[in-house]
Amino acid sequence: MGMMVVARRTDSVGDQVRYEFGFEDRFDRVLAIDPGTMEARVEDGNFDQAASAITAKIVNAWRSSGEFPVRALFAS
């Protein structure tokens, strides 16, 4: 069974870049990434497969362009 996770950047202040993310267009979770360490955490404490997949997409985009993307999409 496939999975589609989408994220949109909501904030980029100081020591974290924040994204709302969820399945399809349900932005019901929040992801925070530390740009210095690339450590990621989810506000609900559940760093599951969806959080891992979208984090990988965001970090890979940052590695390619040097900037955190405004939007990200993971589909499998």
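Computed from the coordinates by the stated procedures, all read-outs in this text should not be read as laboratory data. Just so it is clear, the model here is predicted, and its values are computed rather than measured. Positions of Cβ are generated from backbone atoms using ideal geometry, with glycine treated the same way; all protein chains shown enter the neighbour counts.
Could you give every pair whose Cβ atoms fall below 6 Å, whose first residue belongs to the stretch 40-65 and is among the polar types (S, T, N, Q), and whose second residue is not in a loop (DSSP other than H, G, I, E, B), counting only separations of at least 6 or pairs across chains? From residues that are among the polar types (S, T, N, Q), the pairs are T55/A40. Of the residues making up the stretch 27-67, those that are of a type in the set (K, R) and under 11 Å from the mean Cα position of the chain (by Cα) are R29, R41, K57.
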